[in-house]
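The values are calculated or read from the model by the stated rules, or taken from the named source; none is laboratory data. In this text the structure is predicted, and so the values were computed from the model without any measurement. Glycine gets a Cβ as well: all are built from the backbone with ideal geometry, and neighbour counts include every protein chain shown. For accessibility, only protein heavy atoms count, side chains too; no ligands or nucleic acids. Shrake-Rupley method; radii C 1.70, N 1.55, O 1.52, S 1.80 Å.
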Amino acid sequence: MRKVGTVARSSSGLVAGLTAAALAAVGFLAYQASASAPDQLGKPTTPSAAPSAHVSGDPKDKSKNPLALPAKSGTGVRVVYSLSERRVWLVGENRKLTRTFEVMPSTVSPPPGVYEVTSRSGTVPGSDGVPIEHVVRFASVDDVAIGFSAAVNGAMASPDPDRKTGGVRMKRADGDAMWEFASIGSKVVVVP
């Protein structure tokens, strides 16, 4: 019996020693990881509706910040849509940029100019057959309605180049923001 007790004590001592060594190794690795991590990692950040985009409209600023509002994109509260940059800016009161995001252009695009939102639909089938939501229409070209929308499945695939479509697609969260921002009569400025 004495021999069994000695084995049990030496086994528990071995387990305790291994556990202590494992904890020390984990502690050392955690220290190394924290010492080499960036300062901002793990710190809470406040989400921004718009990336830090400068809203001056100055062409010189454009080279510094690719998200900057395009020059000659109008004044006042408006939606700005750049055909070449495939990007939309939602501009509120006092030139305050509330959001900017990428879009997938349709096969039919409006010419540059100033438009206004003429109609909206909550959910409809898109001209390509894809179910869409938050449709904000602002132009018509060759009997094709042009508007912003988000695919219900979240896709932003390139449109079929053989079909005439007018849906400028965006991510669902961006579609939600557009829906809240652009009511009937809202200004839409299309730039090259």
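Things to note:
- More than 24 Å apart - percent of Cα-Cα pairs taken over region 58-153: 24
- Among residues other than MET178 with Cβ under 12 Å from its Cβ, the summed charge is +2 (Lys and Arg +1, Asp and Glu -1).
- When the surface is traced with a 1.4 Å probe over the full set of protein chains, ILE184 keeps roughly 110 Å² accessible.
- For the peptides 123-129, 162-168, residues were scored by their other Cβ atoms within 10 Å and the scores averaged per peptide; the highest-first order is 162-168, 123-129.
- Amide H contacts under 5 Å for VAL188, placed H, 5+ residues apart: VAL79, TYR115, GLU116, VAL117
- Per the Debye formula on identical point scatterers at the alpha carbon atoms of region 85-135, with no solvent, log10 I(q)/I(0) at q = 0.27 Å⁻¹ is -1.30.
- Largest-first principal axis extents, alpha carbons of region 109-192, Å: 30, 29, 20
- When each of LYS72/LYS187; LYS72/LYS171; LYS96/LYS171 is checked by Cα-Cα distance, pairs over 20 Å: LYS72/LYS171; LYS96/LYS171
- Sorting the segments 136-142, 90-96 by their residues' average number of neighbouring beta-carbon atoms within 10 angstrom, most packed first, yields 136-142, 90-96.
- Size of charge dipole - region 69-192 - debye, nearest 20, with Cβ of Lys, Arg +1 and Asp, Glu -1, no other charges: 400
- Å² of accessible area per residue within region 122-192, as computed with a 1.4 Å probe and no ligands counted: 49
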